[in-house]
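Everything on this sheet refers to the single structure shown next.
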Amino acid sequence: MRSYVGPGNCLPSSVRVKGFLSLLTTPPRAAFGTVKRQLHSCPGIKFGLLYPAVLRITLPSGDTHRFEDPTAANDFVNTKLKKAVTPSAV
């Protein structure tokens, strides 16, 4: 049997990948919500959520840290970043 793969014909219409994967990835991604809210108050810190649920934090010095565990990310933010970005230090 010969199959045609062209624009819009990559997968059969009966295959639904996105909906199934979002059910598996939404809870782990949502667990990083409190950490992300804390990072919004840290000037100069860049962060993003990578697939499936990895938080990447980039410091102003260019150092990058990746976390798959929200608790480890929260500890890092509270111990390393919050002390370095307090108003008395500015």
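Just so it is clear, none of the values below were taken in a lab; they were calculated from the coordinates. The model shown is predicted, which means the values in this text are computed figures rather than measured ones. Using ideal geometry, Cβ is built from the backbone for each residue, glycine included, and neighbour counts are taken over all protein chains shown.
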Query raised in the report: Of everything in the stretch 40-56 that's touching a residue at least 12 places away in the same chain (Cβ under 8 Å) and either acidic (D, E) or in contact with a helix residue (DSSP H, G or I) (Cβ under 7 Å, 6 or more places away or on another chain) (or both), which residue is farthest from T25 (Cα to Cα)?
Result: C42
Report task. Could you grab the pairs with beta carbons closer than 6 Å, sequence gap of 6+ or different chains, first residue in the stretch 62-78 and in contact (Cβ under 8 Å) with a residue 24 or more places away in the chain, second one assigned to a helix (DSSP H, G or I) and not aliphatic (A, V, I, L, M)? Result -> V77/Q38
